[in-house]
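Asker: One structure, pasted below without further comment.
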């Protein structure tokens, strides 16, 4: 398949299932192949984006690869207020210093995905605090508020869904602020296209309405602008996208979600979801995706499609070196030979699974003591039963005798003893540094 261009971009997005709605003239505008600037907004209410943000991030990446210039708006101003779209309660309000710190962190994260090198498609990051922060209330009411009626605003789904539960005027005004953003970017940066999730469609169309009503020269429609909404990701398996099994969010910041846990989130994807993930979260072309889907259908237990997604997304998010490390850790934890692992892989592994210290004064430990020390078993009786039933492996080898002992000279890289109960319960004893 040839590279996607602006004229073929919308068709590619539709094939991937990424078009919830689009303005009527967008296809014709893209078909001209003329340069276009497109923006998506990101809410800085936390210091990291999460995997749910990968939908709009990949949207900007696809636009850039097709020849558009992506603009990422980090809402330093609207982040002080909060967006009611897709939420059942109001966000807590942050002070300016906290929002600015989040803006800086998100800007750095976006740099992993978008190309900021000078050129026709150079990505831009803008902060709406730069223009909204200087806007006086009376000017805003006169220049923006007068163009919208209360019935128009109440008719938006994002507002309707919150009215019964309560919606403050602060969040009610968010629609006008986002509309003002689009109008400002359209006027000052030549941005023609706003992208966002399906829950943003009401805000996107409000921006289109403001641009139409404030067109230069007073001629409605003389300055065209367009909107594109992506579907909200609802997992076919019924699981909430972006949450681990324990309910924690999967963050793009490695300090909040380690590269290994990030990688493993995709490897663990339900078979019913992986086809969708291949389309949404990779740049693979159609033949490659269909090939991976065929491989997965023939041998789902190999999880080749999940691993392909995991490698692609982890490399984009954390870099090639990180994906190579976490791949090695994953292989050891799920059937690989721990004896083949180097010291760095073992150290990475020990950081990802429950670890306990090797007793400093012990030269050898019996198997029962090892299972108790790692928390693999709760009692000596349970530990003996586990071994007798063939449910324990030490450094990849089946433990057959509860009374057998392991010495420090048996530790991998002089420090590590891997303990596995059953297929998935993995733990490690770690001998303290400086004792090799």
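Values in this text are rule-based calculations from the coordinates and carry no lab data. This structure is a prediction, so every number in the text was calculated from the model and none was measured. Neighbour counts run over all protein chains shown; Cβ positions are idealised from the backbone, glycine included.
Asker: Give me the angle, in degrees from 0 to 90, between the Cα long axis of helix 201-213 and the longest principal axis of the Cα atoms of the chain, rounded to the nearest 10.
Answerer: 30
Asker: On C-alpha positions alone, give me the angle between the axis of helix 6-15 and the longest principal axis of the chain, in degrees, nearest 10.
Answerer: With both axes taken from Cα atoms, the answer is about 50 degrees.
Asker: Then there is this: Would you work out the relative contact order for the range 234-334, in percent, from Cα pairs under 8 angstrom that are 6 or more residues apart?
Answerer: About 30 percent, as a whole number.
Asker: Can you give the FRET efficiency to the nearest 0.05 for residue 115 and residue 334, using r as the Cβ-Cβ distance and R₀ = 41 Å?
Answerer: Once the sixth-power term is evaluated, E becomes 0.75.
Asker: Could you check which residue among 99, 367, 323 shows the biggest mean-square fluctuation in a GNM of the chain with a 10 Å Cα cutoff?
Answerer: Of 99, 367, 323, the most mobile in the Gaussian network model is 367.
Asker: Still on this structure: Based on the mean of other beta carbon atoms within 10 Å per residue, what is the order of 372-379, 197-204, 324-331, most packed first?
Answerer: 197-204, 324-331, 372-379
Asker: Please work out the FRET efficiency for the pair residue 362 and residue 295, using the Cβ-Cβ distance as r and a Förster radius of 56 Å; give the result to the nearest 0.05.
Answerer: E between residue 362 and residue 295, to the nearest 0.05, is 0.75.
Asker: Size of the range 249-302 along its principal axes in angstrom, Cα-based, largest extent first?
Answerer: So the extents along the principal axes, rounded to whole Å, are 36, 24, 14.
Asker: Assuming a viscosity of 0.890 mPa s and a temperature of 25 °C, what translational diffusion coefficient in µm² per second does Stokes-Einstein assign to the chain, Rh being the Kirkwood radius over Cα pairs?
Answerer: After rounding, the answer is 100 µm²/s.
Asker: Further, regarding this structure: State, to one decimal in nm, how far the label point of residue 96 lies from the label point of residue 154, with both points 7 Å from Cα in the Cβ direction.
Answerer: Each label point is offset 7 Å from its Cα along the Cβ direction, giving 3.6 nm.
Asker: Sticking with this structure for a sec: Please report the relative contact order for the chain, taking Cα pairs under 8 Å with a sequence separation of at least 6, and give it as a percent rounded to a whole number. Before the final figure, lay out the partial values.
Answerer: Details: 660 pairs, mean separation 58.9, N = 436.
Once divided by the residue count of the chain, the mean separation gives 14 percent.
Asker: Moving on to the next point. With springs connecting C-alpha atoms under 10 Å apart, model the chain as a Gaussian network and identify which of 214, 32, 361 has the largest mean-square fluctuation.
Answerer: Among 214, 32, 361, the largest mean-square fluctuation in the Gaussian network model of the chain belongs to 361.
Asker: I need the P(r) histogram for the range 6-230: all alpha carbon pairs, bin width 5 Å from 0 out to the longest distance, whole percents.
Answerer: So the P(r) values, bin by bin, are 1, 7, 15, 19, 21, 18, 12, 6, 1, 0.
Asker: Considering the Cα positions of the range 234-334, please state its Rg to one decimal place and its Dmax as a whole number of Å.
Answerer: For the range 234-334, the Cα-based Rg and Dmax read 13.0, 37 Å.
Asker: With a 10 Å cut-off between alpha carbons and a GNM built on the chain, which of 396, 407, 76 moves the most?
Answerer: Looking only at 396, 407, 76, the largest GNM fluctuation is found for 407.
Asker: Next question. Multiplying the sequence separation of residue 385 and residue 424 by 0.36 nm and subtracting their Cα-Cα distance, what value in nm do you get? The partial results should precede the final answer.
Answerer: Details: separation 39, 0.36 × 39 = 14.04 nm, distance 1.80 nm.
Extra length from residue 385 to residue 424 when fully extended: 12.2 nm.
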